[in-house]
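*Asks:* So that we are looking at the same thing, I have put the structure below in structure tokens.
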Amino acid sequence: VSQSRYSFSYSVKEINSVNKAINDIESFVDRSVLVSKADKNGKITYVNKKFEEVSGWKLKDAIGKDHNIVNSGKHPKDFWVKMYKKTVKEKKIWNEIVTNIKKSGELYWVDSYIKAEFDNETGEHKGYMSIRYDVTELMKKTDEIEKKNTYLEHAAKIIRHDMHSGITTYIPRAKKPIKRRQDTQPVQNL
């Protein structure tokens, strides 16, 4: 009897340890990445807290809605056809930077990993699971740098033009005074 109590006690302790580890992982995921699940038709079945925080869509409002609620329309249809082909036809994970739109109408960017889910017994396509990293600040900074580079390239073209115009305009006029000074002033010994 005491051996079975010890075994039971040990099992309970192990289960509690595993449950704590699972809770720690869930907490970590909720704070760091956006997670969503959808059925095979793209209807949302689950979103985590980070998804709610970034997109503005609460779980209770998003459930049953088409995943298009966050589609910004910035990507061509072929972009999503490739996602479907990769995840459903090839049964691989698709990864791209996606421009989404918040419930408020503001754009945000996510590094998206999408995987199709299949029934273990029948192989039937059941839905999608996605994990996304919010890269909005990185994309905004990249856009800012690109705009500054464009400005600098434009400024460099203007400077090159002005320098070229100045050289071809002013150097021929400056030759005569330089030549006169050379002829009238003796070279100084250093």
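The values are calculated or read from the model by the stated rules, or taken from the named source; none is laboratory data. This structure is a prediction, so every number in the text was calculated from the model and none was measured. Glycine gets a Cβ as well: all are built from the backbone with ideal geometry, and neighbour counts include every protein chain shown. SASA here: full protein model, heavy atoms, side chains in, ligands and nucleic acids out. Shrake-Rupley method; radii C 1.70, N 1.55, O 1.52, S 1.80 Å.
*Asks:* Are any of the pairs Lys37/Lys60; Lys58/Lys86; Lys50/Lys147; Lys43/Lys141; Lys89/Lys115; Lys115/Lys141 more than 21 Å apart by Cα-Cα distance, and if so, which? Working shown, then result.
*Replies:* Numbers: Lys37/Lys60 14 Å; Lys58/Lys86 29 Å; Lys50/Lys147 30 Å; Lys43/Lys141 33 Å; Lys89/Lys115 11 Å; Lys115/Lys141 29 Å.
The pairs that break the limit, which is 21 Å between Cα atoms, are Lys58/Lys86; Lys50/Lys147; Lys43/Lys141; Lys115/Lys141.
*Asks:* Accessible area of segment 35-170 with a 1.4 Å probe: how many percent of it is carbon plus sulfur? Before the final figure, lay out the partial values.
*Replies:* Numbers: 5060 of 9140 Å².
Accessible surface attributable to carbon and sulfur in segment 35-170 totals 55 percent.
*Asks:* Another question about this same structure. Under the definition of Cα pairs under 8 Å and six or more residues apart, what whole-number percent is the relative contact order of segment 15-160?
*Replies:* On the way: 219 pairs, mean separation 30.7, N = 146.
Once normalised by length, the contact order is 21 percent.
*Asks:* For segment 1-143, what is the accessible area per residue in Å² when the probe is 1.4 Å? List each step's numbers first, then the result.
*Replies:* Working: 9560 Å² over 143 residues.
With the other protein chains kept in place, segment 1-143 gives 67 Å² per residue.
*Asks:* Extension gain Ile69-Leu138, at 0.36 nm per residue separation less the Cα-Cα distance, in nm?
*Replies:* On the way: separation 69, 0.36 × 69 = 24.84 nm, distance 2.31 nm.
22.5 nm is the gain from fully extending Ile69 to Leu138.
*Asks:* Any idea how far apart Lys40 and Asn16 come out in nm if each label point goes 7 Å out from Cα toward Cβ?
*Replies:* Between Lys40 and Asn16, the label points sit 4.4 nm apart.
*Asks:* Could you grab the relative contact order for segment 1-101? Cα pairs under 8 Å, six or more apart, rounded to a whole percent.
*Replies:* Numbers: 81 pairs, mean separation 17.2, N = 101.
Computed over segment 1-101, the figure is 17 percent.
*Asks:* Check which residues have an amide H placed less than 5 Å from Asn48's amide H, if you skip close sequence neighbours.
*Replies:* It is Val35, by chain and number.
*Asks:* Over the Cα atoms of segment 81-168, Rg to Rh with Kirkwood Rh, two decimal places? Working shown, then result.
*Replies:* Values: Rg = 22.6 Å, Rh = 16.8 Å.
Looking at segment 81-168, the ratio lands at 1.34.
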